[in-house]
Amino acid sequence: MVEICTTNTSLRLRYAVEQFFAPVQVHWCNRFEDLIRPDRAVFYQFPSEKGIQICTSSRNWTEHDFRYTEQPQDWKLNLLSSSFDIDVFEVVFYLLARVDEHAFAESDEHGRIQSKEFIQHQWGGLNCAYIDHLRSIWLKRLGIQDTFKSTQELTIDIDSAYAFLHKGMKRTLGGLAKDLLKGDVRNLLERVQTLLHLKEDRFDTYSYILTQANTHGWPCRFFFLLTDFGGQNIGLPYQSKGLKRLIASLEKEATVGIHPGYHEWNSAKNRTSIEIQRLAEIIDSPVLHSRQHFLRMQMPDTYRSLESLDIQKDYTMGMADEVGYRAGTSRTFRWYDYQQDRVSSLEIVPFWGMDSAIKRHKGWSIEEAKKEILQAKKAIDGIGDWRMVWHNETVCDEREWKGWRNVFEEQFK
Ligand SMILES: [Zn+2]
């Protein structure tokens, strides 16, 4: 247990402190006499000769009406080594409440905020779970035993469940015609062989993924795209019997969540609600987990929508153009609605890196990607969780993803 002595009753402060130390419990006191171990207690805006005094910010950030209009420039580049000279709870609040995402609007062609906008970019980069390291440093300083248990799991997005199968007559014939017109003999042959069941569908990598998860004792999650076909939503028809069979069979061995489609922002909530309903009918139980297609989300609307649709955990917290920790942590945390000043019921589950970000945006070779994964995993060993985003397509070990199963398997080491 961590004891905090303060007369500050700010919800922001409570949120930051409790998320920071969780699962270690926090005992709040506003009088010195009520402390059980004053010599070990943390004093915040409360003068004391004993215990540990937390440096407090001049911004008075814990006032409800305080709004950041720019990124605080006094957090030093060497944040970890100067961790006792900063208002550590302010840093935690700033990162977890995703203040950057409210303050800055620079986004890419898909409406996603770019990683260079985040404050960590001005420190040592995003590839560091600053909060997890700070937490570890602070617990050691306080002499408190950590009760945190790391989670390692596989999370897989299913944009296109099969390359050729179960697409319906119209799209199957359309695909054949396209191969013929383009003179794409390789694709045509593969399509015909797959349709005749002479070859396995290239995207049918589910038994491989489950075998890997089972061999290493990792839980596994699949997020299914069940939106209407069109634009960036290139999934199978949600009515497809083959797709429904696949989802129902995976649900027996893994956790299944929704992968809300790529929509206009103003219709996103309604469309997501329909997609959740489709999945709930297939699995015959409520849908509790979600990750946005293209990691496309808008703060705070997307999270508010998910919360109102009874999603318990969202797995979108990562970057499409970079690896590392967008919210400064690898650990699950509660989402704080910064504009409404309230702690939401939605839990945010971060990931370190996505297959396409590694290969296309970082441009890493297979060997480079393996090295980076090992290093990143080692960096949070014992202090954080490990998750990546993979797709059923990218572990097929064929065509542009030839050899990438080696990278996928590197994370188990
Ligand atoms: Zn997707």
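The values are calculated or read from the model by the stated rules, or taken from the named source; none is laboratory data. What you see is a predicted model; the values in this text were computed from it and never measured. Virtual Cβ from ideal backbone geometry, glycine too; neighbours counted across all protein chains shown.
Structure values in brief
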| quantity | calculated |
| --- | --- |
| Check on Arg304, basic (Lys, Arg) and under 28 Å from Lys378 (Cα atoms) | no |
| Residue check for Leu226: within 13 Å of the ligand (Cβ to nearest atom) and either basic (Lys, Arg) or out of contact with any Phe, Trp or Tyr (no Cβ under 8 Å at 6 or more places or on another chain) (or both) | no |
| From the options Lys116, Lys167, Lys149, residue that is surrounded by fewer than 16 Cβ atoms within 10 Å (Cβ to Cβ) and more than 19 Å from Arg326 (Cα to Cα) | Lys149 |
| Inter-residue pairs, beta-carbon under 8 Å, first over 18 Å from Phe294 (Cβ atoms) and in region 227-245, second among the small types (Gly, Ala, Ser) and surrounded by fewer than 18 Cβ atoms within 10 Å (Cβ to Cβ), 6+ apart | Pro237/Gly168; Ser240/Gly168 |
| Residue match in region 337-345 (condition: crowded, with 17+ Cβ neighbours inside 10 Å, among the hydroxyl-bearing types (Ser, Thr, Tyr) and either over 23 Å from Glu18 (Cβ atoms) or within 16 Å of the ligand (Cβ to nearest atom) (or both)) | no |
| Those helices (runs of 4 or more DSSP H) lying entirely in region 240-335 with at least 3 residues closer than 21 Å to Thr151 by Cα, more than 16 Å from the ligand (Cβ to nearest atom) and in contact with a Cys (Cβ under 6 Å, 6 or more places away or on another chain) | none |
| Those residues of region 136-176 which are among the aliphatic types (A, V, I, L, M), over 17 Å from Arg245 (Cβ atoms) and away from the ligand (no atom under 16 Å from the Cβ), in sequence order | Ile137, Leu139, Leu142, Ile144, Met169, Leu173, Leu176 |
| Helices (runs of 4 or more DSSP H) within region 82-149 that include 2 or more residues farther than 21 Å from Tyr68 by Cβ | 130-142 |
| Identity of the residue in region 271-314, out of contact with any Ser or Thr (no Cβ under 6 Å at 6 or more places or on another chain), of a type outside the set (A, V, I, L, M) and in contact (Cβ under 8 Å) with a residue 60 or more places away in the chain, that ends up nearest to Ala254 (Cα to Cα) | His289 |
| Residues within region 390-413 that are more than 19 Å from Tyr162 (Cβ to Cβ), buried (at least 16 other Cβ atoms within 10 Å of the Cβ) and among the polar types (S, T, N, Q), tallied | 1 |
| Hits in region 246-264 - residues which are out of contact with any His (no Cβ under 7 Å at 6 or more places or on another chain) and touching a residue at least 60 places away in the same chain (Cβ under 8 Å) | Leu246 |
| Residue within region 228-237 that is crowded, with 19+ Cβ neighbours inside 10 Å, in a helix (DSSP H, G or I) and assigned by TED's automatic domain parsing to the domain that holds Ile158 present | no |
